[in-house]
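Asker: For reference, the structure I am asking about is given below.
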Amino acid sequence: MTDTNRRFLLTARPDGMPKDSDFALVDAPLPELQPGEFLIRNHYASLDPAIRGWLDDVPSYLPPVALGDPVRATTVGIVEESKAEGFKPGDWVMGLNGIEHYSVGKLGGFTQPIDVSLVPSPTNFLSVMGAVGLTAYFGVIEILQPKSGQTLLVSGAAGAVGSLVGQLGKRAGCRVIGIAGGPAKCARLIDDYGFDAAIDYRGKDAAALSADIGAAAPDGIDLVFENVGGVGLDATLDHLNQFAQVALCGLISEYNSEHYGTRNLWQLIVHSATIRGFLISEFLDRFVEGGTAMAKMAAEGTLRFDEHIEEGIDNALPAFLRLFEGSNQGKMILKLI
Ligand code: NDP
């Protein structure tokens, strides 16, 4: 164990796309543990689009990251030292910590033990068994509750959440249409994830996208899993069937700009449709159920999940920005050790 802790700190609130000068990499002394605390050596950090929202000083479901604090992220790591009953050196843990080599966990906090023998890699606790897997699982089975024969449209479809949503929709017997950026990702939707149709949104306005969605869904759309927002959501709303349901999971196209402001809400009235925002934390008491179900499908080989692992805390910002460029190929994870 070294005696310094390399940390990726937020030093200024980003205006638009985050840039180098909004952050600082510093070497700090290792913290002294207090009773009830344990020291975690973070091995992997989950780079999630949601982190962008935590950098802004606006009301949200978590307080903003304070200036001077490490950028918040879910991490998986090993307990190095402990003054907390129930956590001993060598235990693998997962929790909402920071992008830093060492974090301090507290009894009763967000960090919990994990059993890495259940999965091929500890990173799976950040992908198929982590927040993205649980978001896909509960978003599909609880929010959308698909029925065989329905048409499901997924945006951000080639990403970590979207690719799992599409596969769960197929398992439920839906016709699944995905929207993603570029021909390569659209090919992956069909070839790797089993979608029925794929639409490339790049370079298209709402009218062009609406035409493509209409061609891919001639009988309309019953279920929408929305990860992106912006013009794509407007275009999608043109094609809702009566009593359609939209699960509003994310608005990634709006995270680095003013909110676009969906202009087509009238279609919800026209089609007696429902739009339902949700956060995965709603299902906290069922995480074991969801994680177990996703791990089982993955272990059987009936659910494909991809992880995109970048190395080194020095790469935290470039790796994070790949989420907004669309150059991640699966769940974006930063390897810290
Ligand atoms: P992804 O792995 O899907 O990576 C982000 C992808 O978003 C990129 O690869 C890119 O794909 C796409 N994207 C980025 N910018 C734009 C843009 N301007 N327009 C269209 N597409 C864009 O990330 P996740 O799977 O982790 O997250 C997907 C969504 O789910 C996010 O909105 C996230 O906030 C949300 N989420 C919500 C949760 C909840 O509890 N409600 C929990 C977890 C995630 P492409 O190449 O196709 O453009």
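The values are calculated or read from the model by the stated rules, or taken from the named source; none is laboratory data. In this text the structure is predicted, and so the values were computed from the model without any measurement. Quick reminder, even Gly has a Cβ in these numbers, built from the backbone with ideal geometry, and neighbours come from all protein chains shown. Calculation scope for accessible area: heavy atoms of the full protein, side chains included, ligands and nucleic acids excluded. Shrake-Rupley method; radii C 1.70, N 1.55, O 1.52, S 1.80 Å.
Asker: Mind checking which residues of the range 316-337 are surrounded by 16 or more Cβ atoms within 10 Å (Cβ to Cβ) and assigned to a helix (DSSP H, G or I)?
Answerer: 316, 317, 319, 320, 321, 322, 323, 324
Asker: A further question follows. Of these, 63, 49, which one is within 16 Å of the ligand (Cβ to nearest atom) and closer than 22 Å to residue 135 by Cα?
Answerer: That would be 49, the only listed residue that is within 16 Å of the ligand (Cβ to nearest atom) and closer than 22 Å to residue 135 by Cα.
Asker: Okay, moving on. Any idea which of 62, 9, 33 is within 24 Å of residue 113 (Cα to Cα) and surrounded by 14 or more Cβ atoms within 10 Å (Cβ to Cβ)?
Answerer: Just one listed residue meets the conditions, 33.
For every residue, the table says whether it meets (1) open to solvent by 30 Å² or more (accessible area, probe 1.4 Å); (2) outside the structural domain of residue 160 (by TED's automatic domain parsing); (3) under 19 Å from the mean Cα position of the chain (by Cα).
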{"site": "266", "(1), (2), (3)": "yes, no, no"}
{"site": "272", "(1), (2), (3)": "yes, no, no"}
{"site": "277", "(1), (2), (3)": "yes, no, yes"}
{"site": "288", "(1), (2), (3)": "yes, yes, yes"}
{"site": "292", "(1), (2), (3)": "yes, yes, yes"}
{"site": "296", "(1), (2), (3)": "yes, yes, no"}
{"site": "300", "(1), (2), (3)": "yes, yes, no"}
{"site": "310", "(1), (2), (3)": "yes, yes, yes"}
{"site": "313", "(1), (2), (3)": "no, yes, no"}
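Asker: Which condition does residue 239 not pass, out of (1) in contact with a helix residue (DSSP H, G or I) (Cβ under 9 Å, 6 or more places away or on another chain); (2) free of Cβ contacts under 8 Å to residues at least 24 places away in the same chain, if it passes all the others?
Answerer: Condition (2) is where residue 239 drops out.
Asker: I'm trying to understand the selection: among the residues of the range 189-200, which are of a type outside the set (A, V, I, L, M, F, W, C) and surrounded by fewer than 22 Cβ atoms within 10 Å (Cβ to Cβ)?
Answerer: 191, 192, 194, 196, 200
Asker: Yes or no: residue 250 in a loop (DSSP other than H, G, I, E, B), of a type outside the set (S, T, N, Q) and open to solvent by less than 40 Å² (accessible area, probe 1.4 Å)?
Answerer: Judged against the criteria, residue 250 is a match.
Asker: Search the range 157-185 for residues that are among the polar types (S, T, N, Q) and pair each with any residue that is more than 12 Å from the ligand (Cβ to nearest atom) when their beta-carbon atoms are under 6 Å apart and the residues are at least 6 apart or on different chains.
Answerer: Correct list of pairs: 163/193; 167/193; 167/303.
Asker: Within the range 70-88, count every residue that is over 17 Å from residue 122 (Cα atoms) and over 22 Å from the mean Cα position of the chain (by Cα).
Answerer: Residues meeting the conditions: 8.
Asker: On to the next question. Out of the residues in the range 1-42 that are of a type in the set (S, T, N, Q) and within 27 Å of the chain's Cα centre (by Cα), state the one that is nearest to residue 336 (Cα to Cα).
Answerer: Only one residue fits best here, namely 42.
Asker: Considering only residues that are more than 9 Å from the ligand (Cβ to nearest atom), small (Gly, Ala, Ser) and open to solvent by 10 Å² or more (accessible area, probe 1.4 Å), look in the range 157-183 and name the one that is nearest to residue 143 (Cα to Cα).
Answerer: 172
Asker: Which one is nearest to the ligand (Cβ to nearest atom) among residues in the range 281-337 that are aromatic (Phe, Trp, Tyr) and over 23 Å from residue 201 (Cα atoms)?
Answerer: Among residues in the range 281-337 that are aromatic (Phe, Trp, Tyr) and over 23 Å from residue 201 (Cα atoms), the one nearest to the ligand (Cβ to nearest atom) is 283.
Asker: Select, from 213, 221, the only residue that is among the aliphatic types (A, V, I, L, M), within 30 Å of residue 52 (Cα to Cα) and either open to solvent by less than 40 Å² (accessible area, probe 1.4 Å) or assigned by TED's automatic domain parsing to the domain that holds residue 148 (or both).
Answerer: Step by step, each of 213, 221 is checked, and only 213 is among the aliphatic types (A, V, I, L, M), within 30 Å of residue 52 (Cα to Cα) and either open to solvent by less than 40 Å² (accessible area, probe 1.4 Å) or assigned by TED's automatic domain parsing to the domain that holds residue 148 (or both).
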